[in-house]
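Chemist: Quick one: structure below, then a few questions.
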Amino acid sequence: MRRESGLLQRTRRSLLALCVTGLVTIAVVWIATPILKRSFMDEAASQAASALRLAVAALNGHLKRYEALPALIADHDDIQDLLADPGNPELRQTADLYLKAINALLKSSEIYVMKPDGETIAASNFDTPTSFVGENFSYRPYFQQAIAGQTARFYALGTTSAKRGYYFSAPVRIAGAIRGAIVFKVDVDLIEASWRDSDYKIFVSDPEGIIFMSGNPDWLYASLVPLTPDRLARTAASRRYADKLPHTLLVTRSRVEGHDILTMPGPAGATRDYLLLSEAVEDAGWTVNVLTDTASAVNQWRTALAAIVLSICFAALVFFVLIQRKARRDERMLMDIQAKAELERRVAERTADLAYVNRKLRDTQADLIQAAKLAGLGQMSAALSHEFNQPLAAVRNYAESADLLISRDRLPEARDNLARIGKLVDRMASLSQHLRNFARKPNERLDPVSLDAVLEDTLEIVRPRLATARATITVDLGEPAPVVLAGPIRLQQVLVNIVTNAADAVEEKDDRRITLTARRAQDNAVIEIRDRGDGVSPAIAARIFDPFFTTKGVGKGLGLGLSISYNIVKDFGGDLTVANHAEGGAVFSIVIPLAVPQKEAAQ
């Protein structure tokens, strides 16, 4: 009984969910359809408007090239001489050749000159079968306006050449009197040809609504509006289209979502809807039109609507599945009461497993802490080893030398070596006292230190390394040598590290010179050590002062020397940088404050 009751309830809930889903879907479709139509039609109109602006700009740009030319040619001596004496054959020939040359130069269609009665007396096509010479175009509006003293523009189908073109005309004045007219005819076929590959249907119509230019040849001399007798009479009077008979296209106009729609017959009796956008070009006296197929916009809004409907159905399905799952879960909860003891047992087992994992985690954490301690101890040991390595090597050299000198009874020299060993031992004792972790700020007192004294001890330590590398060092500390505020032992340590690195850099080079100079710069002393090695690449320069970073081979360096030197110089209140010399090699620059600033020294 319980199962039958639960099944009945689930059936009722399913029917209710289906009804609600259907009602919501119908409401959304009813509300969203006009919104989607308007949105996608607006988007199609925006794209068509861009195409329309480009078409208008192309037409205007093409025609404006010729707009001022008739008036300029009208002032030419050959044209004025011919109209002053129209019957002179020599003047006619001169004018014909001039017009032909200008026409070829400007790439226009034709240029011709007419007398006040409309007769053409010179033309750029005088030597062609369709020559305008002898033709009378007094019926054309562009001639009538020019003879009246105005510049004119007109587009029409040529009655002689049977070619469409745009005409520019201007009067020819001689001594203030109008003695004729000059006309430019511009070909429009190139612009029209560019429209044929466009995604839009572009055409130009005259004031009577007759299509004069179109990417579709079948539309030429057709009209989108009914051709009334008055329209046909005005067209015939100007002979705009010669013997062509205008006809009306079978189109139906309508308004959809605020846009003009043209419905045209298509193949196999079908019809197609086009979105129409138009822009009147007042100067030219025509209207540029763009048609874009609405099928894409219709498909888009239908697809969007279908996506919305599917989303609603999917959401309803998910909601329905969730409800069904909840119902089944409730039933299972009632059935699982008897298995509660088993569940509690499993929970207890898992709790014990988690406790074991937690103990292992604490053990691992303790191991990691011990590893971190050992790593810190290793870093300190590596630093001490690096700092003691060079003095110990020097002690060994001095001890061997002293033993040799004693064997030869050269006791004074042997004592001198032993004294030097004592100094190096003192230096190592001082190093062990003052070597700190990189993160701790040393508390060694800074005293005035003369660079020449520090450098003397430095050269004693690095002399064996320079000899091994067969390198030479040139020192120029200036007169007098700068006195800086530093710790003498640690400053010596810095110089030993950098000079030793310089020896490493030039060891296998042809030029093994090392240069060490010092100069004063305001309140600082600048010490520069330059080698003639390979220099420092940008990638290495960015990390060269990092701890444990080294470019040397395994066993040849720990990567601590420059890092320690950098921190020592920072402790002095100075800076340590590296750069490449313009003539090759690396330059390390050490900037340390002077013990006595230059301003005080000058006083």
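The values are calculated or read from the model by the stated rules, or taken from the named source; none is laboratory data. Predicted, not measured: the structure shown is a model, and the values here were computed from it. Counting neighbours? That spans all protein chains shown, and the Cβs are built from the backbone with ideal geometry, glycine included.
Chemist: For segment 495-537, name all the residues that are buried (at least 19 other Cβ atoms within 10 Å of the Cβ), more than 13 Å from Asp476 (Cα to Cα) and of a type in the set (Lys, Arg).
Modeler: Arg512, Arg532
Chemist: Moving on to the next point. Restricting attention to segment 459-493, and to residues there that are modelled with pLDDT under 90 and of a type in the set (Val, Ile, Thr), which single residue is farthest from the chain's Cα centre (by Cα)?
Modeler: If we take residues in segment 459-493 being modelled with pLDDT under 90 and of a type in the set (Val, Ile, Thr), then Ile461 is farthest from the chain's Cα centre (by Cα).
Chemist: Further question: For Phe126, indicate whether it is crowded, with 19+ Cβ neighbours inside 10 Å and out of contact with any Leu (no Cβ under 9 Å at 6 or more places or on another chain).
Modeler: no
Chemist: Do the conditions hold for Asp426, that is, is it outside the structural domain of Val569 (by TED's automatic domain parsing), closer than 17 Å to Ala393 by Cα, surrounded by fewer than 21 Cβ atoms within 10 Å (Cβ to Cβ) and modelled with pLDDT under 85? Full working, then the answer.
Modeler: Values: outside the structural domain of Val569 (by TED's automatic domain parsing): yes; closer than 17 Å to Ala393 by Cα: yes; surrounded by fewer than 21 Cβ atoms within 10 Å (Cβ to Cβ): yes; modelled with pLDDT under 85: yes.
Judged against the criteria, Asp426 is a match.
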